[in-house]
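A.B. asks: A single structure is presented below for examination.
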Amino acid sequence: SWFPPVAVALVGPYPKRAGMLMDPPLPFWVAQLPHHRDEVAARDYTEGIVHSPGQRTGVLPFLAEADGPAGYAVHLALARGLANSPQGDAPTVDALLVLAARGQLDTTLLGRLLGKLLRQGWAQANRVAESLRAAAGTGAHGTVWAVLEATMPGLLRDAPLKGAAAFLSLAAECASRCGAKGEIPEVSAVAQRGSSQTVKNARLLRDALR
């Protein structure tokens, strides 16, 4: 027998022997608990999805348009979704922009989650960078900068993460476009270390923030 999503959302994951539980999240999930989107995101029982991994983020724009707190679970789903596609994940970008437009995007939380996922190898840097670049391409330079500002310490602390150059380049562009000023100590430290592309991009960002 198959438990409907609302039952799973309320009582917890059902054993994954049932084939339908391996399907990607669907928009009607959100309709079961339309005012509790963080609960819906937290109860996503398809984490081990194998049949349609490319469709996994299709539900995110519906979560963004739903009601209730956009808390840790929603932002974790966004962070994972940003790494869903090599070309930039369109549904995740749409969800990010909707939350930002509604004043419900916690850029600091999202940035810190991204830093942790990237450091722990749960997300590929080039994929996340492409998704954020796609978001910036809509004109949301300030939003993307705020996310990157919170991501940078986790990417650069100690040894810079492989792929950090792409984030630094995008951050320099966004900071210049939105007029951001200030200093990120980790960026300043990397900017003094040599002549790699990561170091060069760190200098660009450091100078843009001045």
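A.B. asks: Of the residues in the stretch 66-75, how many are under 12 Å from the mean Cα position of the chain (by Cα) and either open to solvent by less than 30 Å² (accessible area, probe 1.4 Å) or over 16 Å from residue 37 (Cα atoms) (or both)?
C.D. replies: Filtering the stretch 66-75 down to residues under 12 Å from the mean Cα position of the chain (by Cα) leaves 72-75.
Imposing the further condition that a residue be either open to solvent by less than 30 Å² (accessible area, probe 1.4 Å) or over 16 Å from residue 37 (Cα atoms) (or both) reduces the set to 73-75.
Residues flagged as under 12 Å from the mean Cα position of the chain (by Cα) and either open to solvent by less than 30 Å² (accessible area, probe 1.4 Å) or over 16 Å from residue 37 (Cα atoms) (or both) within the stretch 66-75 amount to 3.
A.B. asks: Pull out all pairs, ordered by first then second residue, where Cβ-Cβ is under 6 Å, the residues are six or more apart or on different chains, the first lies in the stretch 46-65 and is crowded, with 21+ Cβ neighbours inside 10 Å, and the second is modelled with pLDDT of 60 or more and not in a helix (DSSP H, G or I).
C.D. replies: Sorted first by the residue in the stretch 46-65, then by its partner, the pairs are 57/84; 57/89.
A.B. asks: Condition check: open to solvent by less than 20 Å² (accessible area, probe 1.4 Å), of a type in the set (A, V, I, L, M, F, W, C), touching a residue at least 40 places away in the same chain (Cβ under 8 Å) and touching a helix residue (DSSP H, G or I) at 6+ places or on another chain (Cβ under 9 Å). Does residue 82 satisfy that? Outline the logic, then answer.
C.D. replies: Working: open to solvent by less than 20 Å² (accessible area, probe 1.4 Å): yes; of a type in the set (A, V, I, L, M, F, W, C): yes; touching a residue at least 40 places away in the same chain (Cβ under 8 Å): yes; touching a helix residue (DSSP H, G or I) at 6+ places or on another chain (Cβ under 9 Å): yes.
Spelling it out, residue 82 is indeed open to solvent by less than 20 Å² (accessible area, probe 1.4 Å), of a type in the set (A, V, I, L, M, F, W, C), touching a residue at least 40 places away in the same chain (Cβ under 8 Å) and touching a helix residue (DSSP H, G or I) at 6+ places or on another chain (Cβ under 9 Å).
The values are calculated or read from the model by the stated rules, or taken from the named source; none is laboratory data. Keep in mind it's a predicted model, so treat the numbers as computed, not measured. Note: ideal-geometry Cβ built from the backbone for every residue, glycine included; neighbour counts use all protein chains shown. Note: accessible area is taken over every heavy atom of the protein model, side chains too, but ligands, DNA and RNA are not part of it. Shrake-Rupley method; radii C 1.70, N 1.55, O 1.52, S 1.80 Å.
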